[in-house]
Amino acid sequence: MTAQKDGTRFGGIDADDDLNEGDPADVESGDREEGKNGSDPVNELADDEPVAEPSQSSSGALVNLDAPEDENQEVGLDDFLKKEEEIKAAPKKCYTGTVELLMPNADRITVVGMLLDNSGSMLYKRKAVLDGLNRAIDALRGVKGSDFYLRIVGFHGEFYSGLISQVDIAHITQMYYADGCTPLVGTALQLFDDVKKIAEGYRAKGIPAKEALLLVTDGIPENDTAMPMDFAEKLGQANCYAVGMGIIKEEESSSRDDVRESEMVFRELFEKMGIKTVMTPNASPASIRHAFDEFSRSVSSIASM
């Protein structure tokens, strides 16, 4: 089929079929504010400058997660895995809403879900993550023959959901603040379900759709609502290109042994989640940007097939 005008709305799908708790809210699609005077919103964000907490505005809707309490303590992977029964019994809290399907600018589309760790430990890495995200989006915009639907979320809610042509990095920058713990697996599971439903919605309209997922974190799951094996079970039943990016913290980069140990922990975590492609950049901006570049190249290749 031949795609029509970009942004034409032709349907919607529910993104909250199996939710137990949380107030439903619509994920709205609308115009995004342009960056003023052609400035780069990412580079305007200083490494040590706090970001204001997000608020509802006409530039886009934010559906908040309940922020987990910060217990100010590190959790090891073994400690987390021992809490399986406790985690499975915990109430599930996540964002909800109806996702609008917009007519793509091409005959096919790739639905890309990105989970950006915005726990407290990401405070001094958020600028590099946003810069890497911006570069990845620019790279995907240049892909011929496929449009992209982006669903970008953090642990506290959604940053953006819609076609790549309408994404506003300035809006995401304003919303991306670092606070709280790391409910990685539960949030990743919800994002995976959303990506799958969006892709299925396009396929139901006769538009070929592929799926890709990027999970970015610098720590082990805390205050989570699901186990890695739960994610692995669902991922194993789908045809989704999934990548885990484990950013090695600065304090763990002082020796080769520390770096090697951190890499092993991230690889074990993502392996238990069923993710085969794992990247372990250090906390330097250049290393984080390079990892995002690698992800965008892989997704570009998949979308062009």
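Structure notes:
- Within the range 282-294, if we keep just the residues that are part of a helix (DSSP H, G or I) and not charged (D, E, K, R), the residue that is surrounded by the fewest Cβ atoms within 10 Å (Cβ to Cβ) turns out to be Ala286.
- Selection status of Glu250, under 24 Å from Val185 (Cβ atoms) and either under 19 Å from the mean Cα position of the chain (by Cα) or loosely packed, with under 15 Cβ neighbours inside 10 Å (or both): no
- With respect to being assigned to a helix (DSSP H, G or I), over 28 Å from Gly206 (Cα atoms) and hydroxyl-bearing (Ser, Thr, Tyr), Ser165 falls outside the description.
- In the range 168-197, the residue that is farthest from Pro104 (Cα to Cα) out of those that are part of a helix (DSSP H, G or I) and among the acidic types (Asp, Glu) is Asp193.
- Residue match in the range 221-234 (condition: assigned to a strand (DSSP E or B) and farther than 20 Å from Arg108 by Cβ): no
- For the range 196-206, a residue qualifies if it is among the hydrophobic types (A, V, I, L, M, F, W, C) and either surrounded by 22 or more Cβ atoms within 10 Å (Cβ to Cβ) or in contact with a Ser or Thr (Cβ under 6 Å, 6 or more places away or on another chain) (or both), and the qualifying residues are Ile198, Ala199.
- Set Asp138, Asp147, Asp131: member being in contact (Cβ under 8 Å) with a residue 60 or more places away in the chain, surrounded by fewer than 23 Cβ atoms within 10 Å (Cβ to Cβ) and either of a type in the set (D, E, K, R) or in contact with a His (Cβ under 8 Å, 6 or more places away or on another chain) (or both): Asp131
- Total residues in the range 195-252, condition among the polar types (S, T, N, Q) and closer than 23 Å to Ala128 by Cα: 1
- Identity of the residue in the range 257-271, exposed (fewer than 15 other Cβ atoms within 10 Å of the Cβ) and not acidic (Asp, Glu), that ends up nearest to Tyr241 (Cα to Cα): Met264
Table: residues versus (1) more than 24 Å from Tyr124 (Cα to Cα); (2) crowded, with 18+ Cβ neighbours inside 10 Å; (3) under 17 Å from the mean Cα position of the chain (by Cα); (4) not charged (D, E, K, R).
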{"site": "Asp194", "(1), (2), (3), (4)": "yes, yes, yes, no"}
{"site": "Val216", "(1), (2), (3), (4)": "no, yes, yes, yes"}
{"site": "Phe231", "(1), (2), (3), (4)": "yes, yes, yes, yes"}
{"site": "Gln237", "(1), (2), (3), (4)": "yes, no, no, yes"}
{"site": "Ser255", "(1), (2), (3), (4)": "no, no, no, yes"}
{"site": "Met273", "(1), (2), (3), (4)": "yes, yes, yes, yes"}
{"site": "Thr280", "(1), (2), (3), (4)": "no, yes, yes, yes"}
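Readers should treat all values here as calculations from the given coordinates under stated rules, not as data from a laboratory. Computed from a predicted model, the values in this text were never measured in an experiment. All Cβ positions, even for glycine, are placed from backbone atoms using ideal geometry, and neighbour counts span all protein chains on display.
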